[in-house]
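Just so it is clear, none of the values below were taken in a lab; they were calculated from the coordinates. Worth saying up front: this structure is predicted, and the values here are computed from it rather than measured. Reconstructed Cβ throughout: ideal geometry from the backbone, glycine too, with neighbour counts over all protein chains shown.
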Amino acid sequence: MIELPVRSLLVVVSAPSGGGKTTLCERLLAEFHQMVYSVSCTTRAPRDGEIDGTDYYFISEEEFERRVQNDEFVEHATVHGHRYGTLRRFIERGFASGRDVLMDIDVQGASQIREKLSTLPASDALRRGFVDAFIAPPSIEVLRKRLHLRGKDADAVIERRLQQAENEMRRWREYKYLIVNDRLDASYDALRSIVVAEHHRLLKNED
Ligand code: 5GP
């Protein structure tokens, strides 16, 4: 049998909140057992049902700033007035153990990651394994309905998120893949196909 090398993917997905991204990510993690979710730190309060250490590490402003100073984040950004950051150790550990790492981050974070990776040698595992996808709702109106249906945010918060979503949606061209999330099943098929195809790309890119 041919020994195939283990190659990890760094899968970055961005979507305006309410875009259906959380469900899509959960399905990916349920199907691809070698994939780990990068649990971010945030200064926002937990929503109903969110678990500290699973959905996010919910930390204070002071704690967040301390971690920024300690260079613990590979990227961090302020979204909807709250701070969010990806822990360097999550990605390093994932890659060290031969796993794929899934990151759900905003457009600013994704652009920071792209910029950092572009300074690494082309042979770097992180750079090689990087793939990004933008998941867009079919329209702002659909997004507004979804956010209201979800019922987790106050009206003013929803309006702020919609404003932000319009800004984010202008940046889909920065991503390698675009998924318009009209029907969840079709979107999931697209996302899983991307993961499978990208693994095959990595296999081919041997030294
Ligand atoms: P939410 O508060 O709805 O969970 O997330 C709000 C936004 O923050 C989403 O667009 C999400 O992708 C983004 N986000 C979550 N974690 C991170 C992170 O670690 N870094 C960055 N830059 N954005 C994040």
Size of charge dipole - the range 54-95 - debye, nearest 20, with Cβ of Lys, Arg +1 and Asp, Glu -1, no other charges: 160
Rounded to the nearest 5, what is the percent of antiparallel bridges among the DSSP beta bridges in the range 53-207? 60
Normalising by the residue count of the range 74-123, find the relative contact order in percent from Cα pairs under 8 Å and 6+ residues apart. 33
Ellipticity estimate at 222 nm from DSSP helix runs (n ≥ 4, -39,500 (n - 2.57)) divided over the chain, nearest 500: -14000 deg cm²/dmol
Rounded to whole Å and sorted largest first, what semi-axes of the equivalent ellipsoid does the C-alpha gyration tensor of the chain yield via the square root of 5 times each eigenvalue? 28, 21, 15
Determine the relative contact order of the range 22-135: mean sequence separation of Cα pairs under 8 Å and six or more apart, normalised by residue count, in whole percent. 26
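Hey, how much of the P(r) for the range 18-95 falls beyond 18 Å, as a percent of Cα pairs?
Values: 1376 of 3003 pairs.
Tail of P(r) above 18 Å: 46 percent of Cα pairs.
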Compute the separation of the alpha-carbon centres of the range 19-35 and the range 108-165 and state it in Å as a whole number. 15
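As a test of understanding, state the convex hull volume per residue of the range 41-138 from its alpha carbons, in Å³.
Details: hull volume 12.9 nm³, N = 98.
Cα-based convex hull of the range 41-138, divided per residue, equals 131 Å³.
Counting pairs of alpha carbon atoms under 8 Å apart in space and at least six apart in sequence, what relative contact order in percent does the range 99-207 give? Don't jump to the answer; show the numbers that get you there.
Working: 59 pairs, mean separation 32.9, N = 109.
Averaging sequence separation for qualifying contacts and normalising by length gives 30 percent for the range 99-207.
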Filter on LYS21/LYS152; LYS21/LYS116; LYS21/LYS145; LYS116/LYS152 - keep pairs with C-alpha separation over 27 Å: LYS116/LYS152
Just to confirm the number: angle between the C-alpha axis of helix 21-31 and the first principal axis of the chain, 0 to 90 degrees, nearest 10? 40
Explain nothing, just the number: dipole magnitude of the chain about its Cα centre with +1 on each Lys and Arg Cβ and -1 on each Asp and Glu Cβ, in debye rounded to the nearest 20. 380
Considering the Cα positions of the range 85-128, please state its Rg to one decimal place and its Dmax as a whole number of Å. 10.7, 28
Run the reach check for LYS204 against aspartates and glutamates, Cα to Cα strictly under 20 Å, same-chain hits fewer than 8 apart removed. What comes back? GLU3, ASP100, ASP124, ASP132
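Take the alpha carbon gyration tensor of the range 154-207, find the square roots of its eigenvalues, order them as a ≥ b ≥ c, and report rounded if a/c is under 1.5; if not, report prolate when a/b exceeds b/c, else oblate. Provide the component values of the computation, followed by the final result.
Working: a/c = 3.75, a/b = 2.15, b/c = 1.74.
Note, shape of the range 154-207 comes out prolate.
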